[in-house]
Ligand code: ARG
């Protein structure tokens, strides 16, 4: 193979730094399998269209297989003078089989090659993430079912608002994360398009069989424009946005759990392996894992911003800036995968402090809305009913007493509309009454769980 054109001019112009500056192979190394698979499929196609002989195809493919094993076993000698893994693998192929290696690159450019490798690589990562989201959703269903009747105060502005079921809160996580799953499905679809056959950017002159290669590699469709195919990275933006959305949602869940884990709330007990002590304060059990998920979210958001910024000024067809397309997404994918595994396990080992939740609901005015509703059902305009109850609540402040603890006589003094049935207002009845679709009543939550199970079944175990 004539390597002259591929040699980095940097080694002529300057010291090591220039070589490192232009090189991508330390990042691309993660997708060596995909690079080899793409080459194997390509050589099969070249044989099919009679550009190479069967013998040459077999020579190329068995040498590529050897290279794959060498890389897997860490026996591959990377040549840092060659800018990327494509050139490294091509060079190794040349060293193994000589001139025949040079036939593999006919009708192919590293521009469509790298775009194909990257799509194949991220398709697999998205599949892994989807499976892990599936696991997390299952954990949430199990937890919701197990804790179906636990009552807790619901919060707005982090202030107690109305009583809810803990399971309703957990199912809100399910609802949010199932949207993220759909986002990843969509991202997969956008990624599942094969650019190979676009050449450098204008298509190729050989009678290439793109369908054949796509079939070999498991791509669902072919890119429709060669310029777009080598220069668009919006599928990576999609992936980064999906990662960002998921991490943001997981971070919010973690924030809630961190609050619930505080001594002041005391709603959850985290399993010991997910907390760490302080080096100076012996009593501490810090929720580091939850905090780290929240913290790592920043990095993923940053990677999305980074790629958008890289892309925004690029003309179409290939620009070398595009080499910076994958590092951030590769690291984000690792963060997301690790986060999902940690959070699923953490949640499945978390127990809930039922008494503390109930106690906090009882010792509050979370039933204020129900009292206002009561008066509104007795034909008081709701705004007026609201004012009446607000007044009671304000008066009771600092008295350690709550509206639902007032006697019928006390209530009647406030409004003659209060009758004996007002005493039926309690946490349980309040929750049961919120039976609107998606509401917090036990029936509604059970229906949500059933729907959730159906949803997961349609996802064929995350595949
Ligand atoms: N290392 C390059 C990348 O990762 C491969 C494509 C290079 N193409 C080129 N014309 N220099 O994007």
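Where a number appears in this text, it was derived from the coordinates with a stated rule and is not lab data. Just so you know, these numbers come straight off a predicted model, no measurement behind them. Every residue, glycine among them, receives a Cβ derived from its backbone with ideal geometry; neighbour counts consider all protein chains shown.
Relative to the longest principal axis of the Cα atoms of the chain, the long axis of helix 382-396 lies at roughly 80 degrees.
The Cα-based radius of gyration of region 183-223, divided by its Kirkwood radius, gives an Rg/Rh of 1.05.
Highest mean packing comes first when the peptides 448-455, 101-108, 405-412 are listed by Cβ atoms within 10 Å, giving 101-108, 448-455, 405-412. Taken along the Cα-to-beta-carbon direction at a fixed 7 Å, the label points for residue 400 and residue 182 span 5.0 nm.
As a rough footprinting exposure proxy, the listed residues 116, 335 were ranked by other beta carbons within 10 Å of their own, and the order from fewest upward is 335, 116. Hey, rough spin-label estimate for residue 225 and residue 359, points 7 angstrom out along Cα→Cβ, what's it come to in nanometres? Once both label points are built, they end up 6.5 nm from each other.
Report relative contact order for the chain in percent, whole number only (criteria: Cα-Cα under 8 Å, sequence separation at least 6). Result for the chain is 17 percent. The helix-only estimate of mean residue ellipticity at 222 nm for the chain, built from DSSP H runs of length n ≥ 4 each weighted as -39500 (n - 2.57), is -20000 deg cm²/dmol after division by the residue total. Over the chain, what is the percentage of antiparallel beta bridges among all DSSP beta bridges, to the nearest 5? Antiparallel bridges: around 80 percent, rounded to the nearest 5. If R0 is taken as 51 Å, the Cβ-Cβ distance between residue 74 and residue 145 corresponds to a FRET efficiency of 0.65.
The distance separating the Cα centre of region 85-135 from that of region 149-177 comes to 47 Å. Please determine, in degrees from 0 to 90 and to the nearest 10, the orientation of helix 288-312 with respect to the longest principal axis defined by the Cα atoms of the chain, where the helix direction is its Cα long axis. Its long axis makes an angle of about 50 degrees. Full extension of the chain segment joining residue 48 with residue 316 gains 93.3 nm, where the gain is 0.36 nm per residue of separation less the Cα-Cα distance.
In this structure, residue 384 and residue 157 have a Cβ-Cβ separation that, at R0 = 25 Å, corresponds to a calculated FRET efficiency of about 0.55. Expressed as a whole percent, how much of the Cα-Cα distance distribution for region 397-463 exceeds 20 Å? Tail of P(r) above 20 Å: 56 percent of Cα pairs. Report the residues of region 335-359 in range of a label on residue 273: point 7 Å along Cα→C-beta, backbone N strictly under 19 Å from it. Under cut-off, by backbone N: 337-352.
Each peptide in 369-379, 80-90 was scored by the mean count of other Cβ atoms within 10 Å over its residues; highest first, the order is 80-90, 369-379.
Here the calculated FRET efficiency for residue 410 and residue 234, from their Cβ-Cβ distance with R0 = 45 Å, stands at 0.10, rounded to the nearest 0.05.
Our estimate of slack between residue 81 and residue 309, defined as 0.36 nm per intervening residue step minus the Cα-Cα distance, is 79.2 nm. Cα-based values for the chain, radius of gyration first and Dmax second, are 30.4, 101 Å. Taking all Cα pairs closer than 8 Å and separated by 6 or more residues, the relative contact order of region 84-212 comes to 35 percent. At full extension, residue 377 and residue 58 could sit 106.7 nm farther apart than now, given 0.36 nm per residue minus the alpha carbon distance. Approximating the spin labels as points 7 Å out from Cα along Cα→Cβ, the residue 206-to-residue 453 distance works out to 5.5 nm.
Just the number, please: Stokes-Einstein D of region 240-392 in µm²/s, Kirkwood Rh from C-alpha pairs, 10 °C, 1.306 mPa s. Roughly 82 µm²/s, to the nearest whole number. Arranged from fewest to most other beta-carbon atoms within 10 Å of their beta carbon, 66, 256, 264 become 264, 66, 256.
Averaged over residues, the count of other Cβ atoms within 10 Å places the peptides 122-132, 389-399 in the sequence 122-132, 389-399, highest first.
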